[in-house]
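Please read the structure below before turning to the comments.
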Amino acid sequence: VHTYAIKIMLSHFIARSSRRLFLNSRNVSKLSTERSYKYFEDFELRSDGIAIMRLNGPGKMNTISQGMQEEAEKIFTEKVLSNKEVKAIVFISSKSDNFIAGADIDMIKGIEDKSQLKDLCMRGTSFFDDMKKKCKIPMIAAINGAALGGGLEWAMYCDYRIATTNKKTALGLPEVKLGLMPGMAGTYHLPQLVGYANALDMILTGKSLRADKAKKMGLVDLVVDPAALEQVAISQAQGLISGTVKPTKRKRDWMSFLMEATPLRSVMFSKAKETVDKNSGGHYPAPYAIIDVLKNNFGKSKAVHLEDEAAKFAKLAATPESEALIGLFHGTTAVKKHNFGKPTQPIKKVAVLGAGLMGAGIAQVSVDNGKYAVLLKDKDLAGVSRGEKVIVDELSAKLKKKRITNYEFCDTTSRLTPLHDGIASWQKHFATADIVIEAVFEELGVKHVVLKDMEAVLSEHAIFASNTSAIPIGKIAEGAKRPERVIGMHYFSPVPKMPLLEIILHSGTAPEVAAAAMEVGTRQGKTPIFVKDVPGFYVNRCLSPFMVEVVALAMQGVDLTVIDKAMKSFGMPVGPITLSDEVGIDISCHVGTFMAKADLGVRMNGGDPRLMSSMVEKGWLGKKTGKGFYLYPKDAKKGAAKQLNPEMLTMLKQVRLEGGHGDKPANVSVEDIQMRIITRFINEAAYCLQDGIIRAPADGDIGAVFGIGFPPFLGGPFRMLDIKGTQRIVDTMYRFRDTITDKNGHPALQFEPAQILKDYAASGKKFHGA
């Protein structure tokens, strides 16, 4: 009997263990052959009448698609409407890091006639409205991980929302970032929950909220630990059934009352439009459509509001701006794909050589985003201390804003080891590094010395990565003991903010080294692109003719502030004159001089290097010295308009006269200023694709947008060619070639289109397919 009892107990234990194992296995997105559904796990109905609907689509992320919507309708029809025993429904995801990450972007992209999207949106909202009307039972959204876009809209249709403290839990409506707007009642429900001012801010910026902020704002009712989510959701569902739990009702403060219940609301919408005008330059239609829907449907019925929302969603999906932004979204994934295999040695420790602005930035993203152990070395204590202070100050700011905990702050700073030449053990430390990223002076001889010194210290498996901005990696690797371990990793300043990383392989770089560089860059939070080893790589190679044309316009007599304003209105984040000041006139001059001697030939024609070289001699290096093209007085008031440097203007006049350009101002249209500058960039980007310097148009677009701020609404140089028409761009370049002549009357051959542009123009072919 005793033995039999033990067997019975064991059988129950095994059954319970198997059940837990089955539940835990739901975190894996692979579909079980035993499941009845593709996007949901089998419907569960507890004895207390609480139904559990577990989202678990076939991909890594749950997304809303036509298939998912049809399956949800089927489950409700067959399992809920027909069963009076169902008293409440809990929606919960089986995935560990997302509830629903939004709509399936591929589905939107794949619908050729975008007007059909209106009916698709209306079907989604009608489904939820009908379900709530017919069921009349509480619905609870149990959110662990991302609830974005359609995911948050799904949750907002529920009566009660619970979110977890999981770091990956984020709630938001980011559709505006793709040139779209919420399409499943997001613009209707969010203002009801958080107020119009907060809703406008969230929808217009696409920002997401952590669980605690969402609760404070009224978007969620409860915040719990991830481990307790399901049990708490069931408990709250029981309370909603019995009436002991009530959903949080928004309490409108006096400011919200003024903004929503009085004519002052027109001021709120006007201010929102002013902010959009300022931040977008009028280039993005989505924010304006969002404001229109919220403003024009204020106080109207839900049906009227949702129809307008759906109609505008469909209209926005058909815009070239949305096409461009969705192209960038897909591009960020496409550029990370490669056939270099996997790193043969795991990267655990990153060493950074040089603690200046670039070095400190690289160390910061490595230790903070990458979670690596990081060695930061400079020549002396003062140098490395400055670099360390930059990193600690940034982490302290995050701690103050509660973006990290005190534990995370201590953990991150403990993984940073500052070193300098005066510390005898620095070589022992570096001997344990898996990769060294150098950020020292941009001179080939210096790079060679550093590489030689590092190879004497590093282990044989260690990678040497150069952060050079233009010097070919093959030249740096000359004379290396282990050239196959040498690679280029070109970051952009300021490193913590600029998302692009160029990874440059020379002819002898080992494939696993390239794979390791991609892994490191991705963990650092970068979007890396692979680039062929040529002078300037991709971004600076394209930027050089761009900047040459800026100088050419200045020599012609175009006012520098007019050039800046023209390119800002085109959609660049800053004008090229301001950009030179911010980067540093010395750096711009150095790169320009280097590229002029490189392999671009006539494509670097048109400028005059004497202006910048003279400014460097005078010490007018831009913002860092307080004087460049513009003046940067220490006591300048915030927001005050910059003034051109009068001494620079005198110098410019002299250089123009000496170069035979005269001293009269030029009358060049804003459009011609924009197109002369941007076509120089586009043409060089086309040469890069033609010559195999970049792998695909997506790499070129991502590199341009993430590297220099090429207008995102145009999607990058290749997407712009598709949208505007390659033939139109080629014809514009021919016009510039034939009408702009040098002092000897020769045509401007720098505007001769690359052969690939001529071919695509003649065939009507697009760079991004049909």
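The values are calculated or read from the model by the stated rules, or taken from the named source; none is laboratory data. Keep in mind the model is a prediction, meaning the values are calculated, not measured. When we count neighbours, we look across all protein chains shown, and the Cβ atoms used for this are built from the backbone with ideal geometry, even at glycine. The accessibility values were calculated without ligands, DNA or RNA, using every heavy atom of the protein model including side chains. Shrake-Rupley method; radii C 1.70, N 1.55, O 1.52, S 1.80 Å.
Filtered by the rule that a residue be in a helix (DSSP H, G or I) and open to solvent by 50 Å² or more (accessible area, probe 1.4 Å), segment 262-276 gives Arg265, Ser266, Val267, Ser270, Lys271, Lys273, Glu274, Thr275.
Name the residue that is most open to solvent (accessible area, probe 1.4 Å), counting only residues in segment 277-320 that are outside any loop (DSSP other than H, G, I, E, B) and of a type in the set (Phe, Trp, Tyr).
Among those that are outside any loop (DSSP other than H, G, I, E, B) and of a type in the set (Phe, Trp, Tyr), it is Tyr288.
Suppose the filter is open to solvent by less than 30 Å² (accessible area, probe 1.4 Å), under 23 Å from Thr739 (Cα atoms), modelled with pLDDT of 95 or more and in contact with a Pro (Cβ under 6 Å, 6 or more places away or on another chain); does Ile678 pass it? Can you show your working first?
Numbers: open to solvent by less than 30 Å² (accessible area, probe 1.4 Å): yes; under 23 Å from Thr739 (Cα atoms): yes; modelled with pLDDT of 95 or more: yes; in contact with a Pro (Cβ under 6 Å, 6 or more places away or on another chain): no.
No, not satisfied.
Do the conditions hold for Ala72, that is, is it open to solvent by less than 40 Å² (accessible area, probe 1.4 Å), in contact (Cβ under 8 Å) with a residue 40 or more places away in the chain, within 23 Å of Gly239 (Cα to Cα) and not aromatic (Phe, Trp, Tyr)? It is false that Ala72 is open to solvent by less than 40 Å² (accessible area, probe 1.4 Å), in contact (Cβ under 8 Å) with a residue 40 or more places away in the chain, within 23 Å of Gly239 (Cα to Cα) and not aromatic (Phe, Trp, Tyr). Of the residues making up segment 441-453, just one is in contact (Cβ under 8 Å) with a residue 40 or more places away in the chain and either in a helix (DSSP H, G or I) or aromatic (Phe, Trp, Tyr) (or both), namely Val450. Every test in (1) part of a helix (DSSP H, G or I); (2) surrounded by fewer than 14 Cβ atoms within 10 Å (Cβ to Cβ) is passed by Arg403 save one, and that test is (1). Within segment 333-356, is even one residue at positive phi, of a type outside the set (A, V, I, L, M), touching a residue at least 24 places away in the same chain (Cβ under 8 Å) and open to solvent by 30 Å² or more (accessible area, probe 1.4 Å)? Yes, the conditions are met somewhere in segment 333-356. Taken together, the residues in segment 156-167 that are at pLDDT 95 or above and either among the charged types (D, E, K, R) or more than 28 Å from Ile241 (Cα to Cα) (or both) amount to 2.
Taking (1) open to solvent by less than 40 Å² (accessible area, probe 1.4 Å); (2) among the β-branched types (Val, Ile, Thr); (3) farther than 23 Å from Val531 by Cα in turn, Thr432 satisfies each apart from (1). For Lys637, the criteria (1) modelled with pLDDT under 95; (2) among the charged types (D, E, K, R); (3) part of a helix (DSSP H, G or I) hold in every case but one, which is (3). Select from segment 355-396 the residues that are among the hydroxyl-bearing types (Ser, Thr, Tyr) and closer than 15 Å to Asn467 by Cβ and list them in ascending order. Scanning segment 355-396 gives a single hit, Ser366.
Pairing each residue of segment 651-669 that is at positive phi with any residue that is assigned to a loop (DSSP other than H, G, I, E, B) and not polar (S, T, N, Q), provided the two are 6+ apart or on different chains, yields C-beta distances under 9 Å for Gly660/Lys743; Gly662/Gly557.
Out of the residues in segment 159-178 that are of a type in the set (A, V, I, L, M, F, W, C) and in a strand (DSSP E or B), which is surrounded by the most Cβ atoms within 10 Å (Cβ to Cβ)?
Ala163
Looking across segment 215-249, the residues that are part of a helix (DSSP H, G or I) and either more than 20 Å from Ser96 (Cα to Cα) or polar (S, T, N, Q) (or both) come down to Lys215, Lys216, Met217, Gln231, Ser235, Gln236, Ala237, Gln238, Gly239, Leu240, Ile241, Ser242. With a requirement of 3 or more residues that are open to solvent by less than 20 Å² (accessible area, probe 1.4 Å), the helices (runs of 4 or more DSSP H) lying completely within segment 705-770 that satisfy it span 717-724, 726-739.
Output yes when any residue across segment 656-673 is hydroxyl-bearing (Ser, Thr, Tyr) and part of a loop (DSSP other than H, G, I, E, B), and no when none is. Yes.
Report whether or not Thr522 is among the hydroxyl-bearing types (Ser, Thr, Tyr), open to solvent by 20 Å² or more (accessible area, probe 1.4 Å) and touching a residue at least 12 places away in the same chain (Cβ under 8 Å). Working first, answer last.
Working: among the hydroxyl-bearing types (Ser, Thr, Tyr): yes; open to solvent by 20 Å² or more (accessible area, probe 1.4 Å): yes; touching a residue at least 12 places away in the same chain (Cβ under 8 Å): yes.
When the stated conditions are applied, Thr522 passes them.
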